[in-house]
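Note sheet for the following structure.
No lab work stands behind these numbers, since they all come straight from the coordinates. These figures come from a predicted structure and were not determined experimentally. Cβ: placed from backbone, ideal geometry, glycine included. Neighbour counts: every protein chain shown.
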Amino acid sequence: MGSGSKQVALVVPAAGSGTRMGEEIPKPYLTIAGKTILEHTLLQFRQVDAIHELIVSTSEFFKDQTCEIVASVFGDIELTVIEGGAERQESVFKALQYVSDSAELIAIHDAVRPFVSKQLILECINEASNPGVDGSILATPAKDTIKEVEDAKYVVETPKRERMWQAQTPQIFKREVLLRAYNNATMRKLMGTDDSSLVEMIGGKVSVIKSTTDNFKITYPLDFQLAKLILSGK
Ligand code: CTP
Ligand code: MG
């Protein structure tokens, strides 16, 4: 297993304000075991040799700190820190403008998923390199039955649980397809809740790599407590 010779650009959106977390400091900059969550996340990708450039979107206030963090983790690849936008999609779109032409694949990963494993990153890169697909994403089979609900009140239907998967990141795509997907969504003012959905909108074929719930997104205070337990015990 390996990524072959494919060059991978890594895009990390870290410009959110962490409303659901409710802390004054945005999630990527909260500290656990002496390191920011952003640093913990980047350290997982540091183990992957195929990554040849990194672009992080953040807010103006955290630009300097972010430059320090990325430089301390990745000394030897091209590093870019930019200002993100009001929505994750905009933060990623802005970052995509800095991806170099030499990138064959673009991997997008939330700054607040510090538990992704090297093994799963490599599997996802490998799968996204496959000529039969436009990209690949990590996802887990839904644990609960998922209901489609209208007006936050009435059940519309219950899709078969075996077909329901919960999307995570990284989400990795061939560069040209991802740029086309983001340009299409931006031009037509379409919003998606992940990167894959924008690729799906242009008819792209995306495959799933079965992940684990370890790769959870730090979203609520309870997630942060769990992350602290896991990282402090390491
Ligand atoms: N993100 C971003 N730009 C935004 C919003 C989110 O770069 N305008 C990033 C976050 O920093 C995070 C990732 O996208 O790393 C996933 O977003 P989410 O977990 O929703 O983080 P927040 O938007 O910060 O949190 P909330 O939705 O609770 O406000
Ligand atoms: Mg958000």
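Brief remarks on what is shown
- Beta bridge orientation in the chain: antiparallel %, DSSP, nearest 5: 40 percent
- Couplings 3J(HN,Hα) of region 11-16, computed from phi: 10, 10, x, 9, 9, x Hz, in residue order, whole Hz [Karplus 6.51 cos²θ - 1.76 cosθ + 1.60, θ = phi - 60°; x for Gly and Pro].
- Region 1-54-region 84-127 distance, computed between alpha-carbon centres (Å): 9 Å
- For region 1-92, the set of GluC sites (Glu not before Pro) satisfying both a DSSP loop assignment and a count of at most 16 other C-beta atoms within 10 Å is given as E23, E24, E87.
- Local electrostatic count, M164, Cβ distance below 11 Å [Lys/Arg +1, Asp/Glu -1]: +2
- Selection from A103, Y29, M191, by position along the positive dipole direction of region 3-233 (Cβ): M191
- Residues considered: L43, L122, L222. Largest GNM mean-square fluctuation over the chain, using C-alpha springs under 10 Å, is found at L222.
- Gaussian network model of the chain, Cα within-10 Å springs - most flexible of T58, T193, T36: T193
- Normalised contact order of region 3-233, rounded percent, pairs of Cα under 8 Å and 6 or more residues apart: 24 percent
- Pairwise Cα inverse-distance average, inverted: Kirkwood Rh of the chain (Å): 18.2 Å
- Given +1 at the Cβ of Lys and Arg, -1 at the Cβ of Asp and Glu and no other charges, the dipole of region 106-234 around its Cα centre is 200 debye to the nearest 20.
- Averaging the sequence gap over all C-alpha pairs within less than 8 Å and six or more residues apart, then dividing by the number of residues, gives region 164-224 a relative contact order of 30 percent.
- Karplus 3J(HN,Hα) series, Hz, for region 154-170 with 6.51 cos²θ - 1.76 cosθ + 1.60 (x for Gly, Pro): 9, 5, 8, 6, 10, x, 4, 4, 4, 8, 8, 10, 9, 7, 10, 10, x
- The magnitude of the dipole of the chain, with charges of +1 and -1 set on the Cβ of Lys/Arg and Asp/Glu and taken from the Cα centre, is near 540 debye.
- Given charges at Cβ of Lys, Arg, Asp, Glu: region 3-233 dipole, positive-most of T41, G85, S117: S117
- By the count of neighbouring beta-carbon atoms within 10 Å, fewest first, M201, M21 end up ordered M201, M21.
- Net charge of neighbours whose Cβ lies under 11 Å from the Cβ of I55, counting Lys and Arg as +1 and Asp and Glu as -1: -1
- Taking a straight Cα-Cα cut-off under 25 Å and skipping sequence neighbours fewer than 8 places away in the same chain, the lysines within cross-link reach of K94 are K6, K27, K63, K174, K189, K205, K217.
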